[in-house]
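Input: a single structure, listed below in structure tokens.
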Amino acid sequence: GALDVQSLEAEGFIPEDISIIQTLADQIAVAIGNAGQYTREQARSQVMASLVEASSELTNPQINMEALLTFAARRAIRLLKSNDSAVWLPIGRDEIELKSQINSPQNMGRRLKRNEGLAGRVFASGEAIRLDDYSDWEGRSSKFDDAPFHAALAVPMKWQNDVVGVLVVTKNQLGNVFTEDDQRIAELFATMAASAIENANL
């Protein structure tokens, strides 16, 4: 930042004043930095607490698969402050199906082939994809040409190095994008969800 000090008098500052003002500016900068670090640590602590809470709920042995997928999608929206989320699961080795979507349930049952569209590419590669504007992405699927969202984050749900699903979260407002921190949180949560899905299958 910059500290701007004015005087109503011409040549109102002497060199000693400038030195004092610079020292004050340095101290303010330290205070701002500390406040920012405190805010970031608080936010990180809240996210970790939410992940621990989600882990406990995901491992509830009484929950069935449909409820588990719905819970995972809803929790992803809360964790990542997104507008919608979806969970895709494999149908055989070369196709995935949309099994849960919170705010666009009309899409349920849609399928993508391996490497097709956002979820299909993540399913094939096992690597996350983060897009600031899905409508500008050359890899989008024609099955989602009517998609109302802009930012998208898709992460693999891995269990013992196998991709057992794909978690996709989206934001509708242009310019409201996902960050690297969001991606790390999504990947942690997706791993937890994958474990819960495999336990439910067993």
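Some points to look at:
- Förster radius 22 Å - calculated FRET efficiency between Asn103 and Ser135, Cβ distance, rounded to 0.05: 0.75
- Loop GluC sites (Glu not before Pro), region 63-113 (other Cβ atoms within 10 Å of the site Cβ: 15 or fewer; DSSP): none
- Long-range amide H partners of Asp84 with built H, under 5 Å: Thr170
- Of the labelled figures (1) 29.4; (2) 14.5; (3) 15.9, only one reflects mean projected area of the Cα convex hull in nm² as derived from the coordinates, namely (3).
- Ranked by the mean number of other Cβ atoms within 10 Å per residue, highest first, peptides 156-164, 12-20, 120-128 order as 120-128, 156-164, 12-20.
- Computed [θ] at 222 nm, deg cm²/dmol, the chain (DSSP H ≥ 4; -39,500 (n - 2.57); rounded to nearest 500): -16000 deg cm²/dmol
- Estimated FRET transfer efficiency when R0 is 30 angstrom, pair Val177-Asp17 (beta carbons, to 0.05): 0.10
- Cut-off 15 Å between beta-carbons: net charge of the residues surrounding Ala128, Lys and Arg +1, Asp and Glu -1: -2
- The mean sequence distance of close C-alpha pairs (under 8 Å, at least 6 residues apart), as a share of the length of region 116-202, puts its relative contact order at 29 percent.
- Linear extension gain, Ser50 paired with Asn34, 0.36 nm per residue minus alpha-carbon span: 3.3 nm
- Relative packing of peptides 86-93, 29-36, 167-174, 3-10 - highest average C-beta neighbours within 10 Å first: 167-174, 86-93, 29-36, 3-10
- Backbone amide hydrogens, once placed in the peptide plane, bring Ser100 within less than 5 Å of Val87, excluding anything fewer than 5 places away on its chain.
Just so you know, all these numbers are worked out from the coordinates, no wet-lab data involved. Computed from a predicted structure; not experimentally measured. So basically every Cβ, Gly included, is an ideal-geometry build from the backbone, and we count neighbours across all protein chains shown.
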